[in-house]
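Notes follow once the structure below has been shown.
Read the figures in this text as sums done on the coordinates, not as results from a lab. The structure presented is a predicted model; accordingly, all values stated were derived computationally and were not measured. Here Cβ is always computed from backbone atoms with ideal geometry, including for glycine, and neighbour counts include all displayed protein chains.
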Amino acid sequence: MKFIHPSLALVLIVAASIAGSVAADEMSPKGRPHFEGKQAETFAEALTNFETANEQLEEYLEEADSLEPADLAHIHELTYTLENALEMIRSELSDLAITLEEVHLGSERGDTEIVLEAGRNYLSVTEQFDD
């Protein structure tokens, strides 16, 4: 019995997963096209995209008791922007928690340098919530 070389098996697995993800990206299970949504390069852009898309979604949901197919299509597109924004926000908040922990531990140890640096980094992110 012949076995596939482990390197070849890895290449085949990666190729199959890429092919599967490309096909999945083209259409959803219900036959709806996938969209890219607005991308955010920065945390501030992600917050803006999140707020704007939520406002648009809210308009659709509070205007009527039912939705037209065109409305559903637009909502479908909005969800991609919201997913992109949430991913960026999630990543930034995860980093923010780490930075806050640095402030916490630095203050516990009496490390002024760490508290000043990490504290300023922390505040530079949190001040974006005010905009």
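Here are some notes:
- Selection of the range 62-93 for residues being of a type in the set (Ser, Thr, Tyr) and within 12 Å of the chain's Cα centre (by Cα) yields Thr79, Tyr80, Thr81, Ser91.
Yes or no, residue by residue, for (1) polar (S, T, N, Q); (2) farther than 30 Å from Glu127 by Cβ:
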| residue | (1), (2) |
| --- | --- |
| Ala40 | no, no |
| Leu57 | no, no |
| Glu63 | no, yes |
| Pro69 | no, yes |
| Thr79 | yes, no |
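- Residue that is surrounded by the fewest Cβ atoms within 10 Å (Cβ to Cβ) [pool: residues in the range 97-131 that are among the polar types (S, T, N, Q) and over 26 Å from the mean Cα position of the chain (by Cα)]: Thr112
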